[in-house]
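Below you'll find the structure, written out as structure tokens, and then a few comments.
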Amino acid sequence: MMPEKKVVLDSEIKSYRNGETWDFENDINDISVSDDGVLLGVDGGTTSTVCICMPMLMKIIPFSHSHLQSLPILSRAVAGCSNHNSVGDIAARETLEQVMADALAKCGSKRSSVRAVCLAVSGVNHPTDQQRILTWLRDIFPSHVRLYVHNDAVAALASGTIGKLHGCVLIAGTGSIAYGFTEDGKEARAAGAGPVLGDWGSGYGIAAQALTAVIRAHDGRGPSTMLTTSILETLGLSSAEDLIGWTYADPSWARIAALVPVVVSCAEAEDEVANKILLESAQELASSVKAVVGRLGLCGQDGKDAFPLVMVGGVLEANTKWDVGKEVIKCISKFFPRVLPVRPKVEPAVGAAWLAWNFFMKEYQKELCGH
């Protein structure tokens with residue numbers, strides 16, 4: 001490490017410290033686990049936050065997305081929610097900083113060895129969100145570190161396309177969002193506005209509709225449903241009226257979304273109410289994809305061009321009988337017959353790390369050409 005970088009690092013550490021988060025660096029020498037340094041990829045969601053540390057390996061030239069699969073994972077760290085809309089800016093920042101520190105500590109590296117960081121965080125919906133996060137990231141890392149901030153959907157897409165931003169990604173976990181990119185960098189999104197504004201294909205949306213169905217059945221405003229017995233047993237409650245207190249005692253998105261497996265089980269047992277909830281949710285998710293693909297023209301002018309659709313999230317995971325993901329593909333295929341469904345073999349945090357490498361190398365190559 002060059003002396004001037006050491007000075008910059010020390011001054012930046014003094015500008016912001018979160019307790020003892022970075023104290024582990026005092027016990028690590030200046031030799032990185034990788035001669036080229038390391039990079040960090042962070043997938044920050046409403047339920048959990050994951051950070052992956054990988055070696056930079058700048059010798060992978062000429063630039064190729066396929067080479068990224070050979071990058072080993074040096075360490076992995078997990079933390080809680082980092083969506084600022086859910087926990088607030090301060091808590092989100094502390095979570096993100098802690099998970100990055102944990103990942104570096106696990107592989108015996110430190111901030112001076114980091115070459116690039118890609119934060120892909122849910123709740124980043126506007127350039128002002130990106131700039132705010134970039135500002136405090138610059139407070140944490142030395143000036144030589146390249147910093148990139150995106151919505152978590154971008155990392156999810158990259159996890160299925162080996163770091164290449166092209167095609168569409170559909171995330172349906174606690175929340176839901178569809179996000180797409182064209183080859184020339186145009187982007188569009190649909191949904192992802194949170195439960196109040198209608199992510200009805202999400203885990204939260206499915207579970208909230210199930211809870212509503214139970215209350216409606218109890219009131220006599222809706223049909224009887226197996227959901228009543230199943231949900232009450234799962235939660236250890238004695239009556240539908242108890243659901244009101246349970247729901248509002250802690251109306252967190254993830255807590256309510258955890259009831260999705262109960263809805264799926266009831267649908268698999270041929271409960272009509274549960275089946276209707278899942279069917280309509282699949283149609284909602286498909287409509288989000290349709291909106292993104294149409295706005296970007298990913299399917300071509302005649303609607304027959306092939307494009308990848310990366311599918312991520314617990315709601316889209318395969319079930320024995322009622323497979324929401326399969327139903328979504330069925331709906332989308334009616335409009336885009338050449339859609340290419342992709343279920344990533346790596347987690348979104350790896351996609352974020354691949355993006356960090358891609359973004360860094362593109363800038364690095366431009367600098368080389370400039371010289």
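The values are calculated or read from the model by the stated rules, or taken from the named source; none is laboratory data. It should be emphasised that the depicted structure is a prediction, and the values quoted were computed from it without experimental measurement. Note that each Cβ is placed from the backbone with ideal geometry, even for glycine, and that neighbours are counted across all protein chains shown.
Miscellaneous remarks
- Cβ-Cβ under 7 Å pairs, at least 6 apart or on other chains, segment 153-166 side over 15 Å from residue 178 (Cβ atoms), far side surrounded by fewer than 24 Cβ atoms within 10 Å (Cβ to Cβ) and among the polar types (S, T, N, Q): 162/66; 162/69; 163/358
- Long-range neighbours under 6 Å by Cβ, at least six apart or interchain, first residue within 17 Å of residue 124 (Cβ to Cβ) within segment 69-82, second in a loop (DSSP other than H, G, I, E, B) and modelled with pLDDT under 90: 81/46
- Qualifying residue in segment 348-369 (condition: assigned to a helix (DSSP H, G or I), more than 17 Å from residue 55 (Cα to Cα), modelled with pLDDT of 90 or more and among the polar types (S, T, N, Q)): no
- Any chance residue 246 is under 30 Å from residue 179 (Cα atoms) and among the aromatic types (Phe, Trp, Tyr): no
- Residue 330, sole failed condition from (1) touching a strand residue (DSSP E or B) at 6+ places or on another chain (Cβ under 7 Å); (2) on the phi < 0 side of the Ramachandran plot; (3) not assigned by TED's automatic domain parsing to the domain that holds residue 118: (1)
- Checking each residue of segment 312-322 against the condition of being within 16 Å of residue 161 (Cβ to Cβ) and either within 17 Å of the chain's Cα centre (by Cα) or surrounded by 15 or more Cβ atoms within 10 Å (Cβ to Cβ) (or both) gives at least one match.
- Per the conditions (1) under 24 Å from residue 122 (Cα atoms); (2) assigned to a loop (DSSP other than H, G, I, E, B), the sole criterion not satisfied by residue 335 is (1).
- If you go through segment 68-83 and keep only what is over 16 Å from residue 348 (Cβ atoms) and in a helix (DSSP H, G or I), you end up with just 70.
- Scanning segment 194-206 for residues that are closer than 11 Å to residue 175 by Cβ and either touching a strand residue (DSSP E or B) at 6+ places or on another chain (Cβ under 6 Å) or buried (at least 24 other Cβ atoms within 10 Å of the Cβ) (or both) turns up 199, 201, 202, 203, 204, 205.
- Residues (in contact with a Pro (Cβ under 9 Å, 6 or more places away or on another chain) and buried (at least 20 other Cβ atoms within 10 Å of the Cβ)) located in segment 207-242: 208, 213
- Within segment 30-53, tally of residues that are over 23 Å from residue 255 (Cα atoms) and at pLDDT below 80: 6
- Scanning segment 109-135 for residues that are closer than 16 Å to residue 90 by Cα and of a type in the set (Gly, Ala, Ser) turns up 122, 123.
For every residue, the table says whether it meets (1) assigned to a strand (DSSP E or B); (2) assigned by TED's automatic domain parsing to the domain that holds residue 255; (3) crowded, with 23+ Cβ neighbours inside 10 Å.
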| position | (1), (2), (3) |
| --- | --- |
| 85 | no, no, no |
| 96 | no, no, yes |
| 100 | no, no, yes |
| 109 | no, no, yes |
| 117 | yes, no, yes |
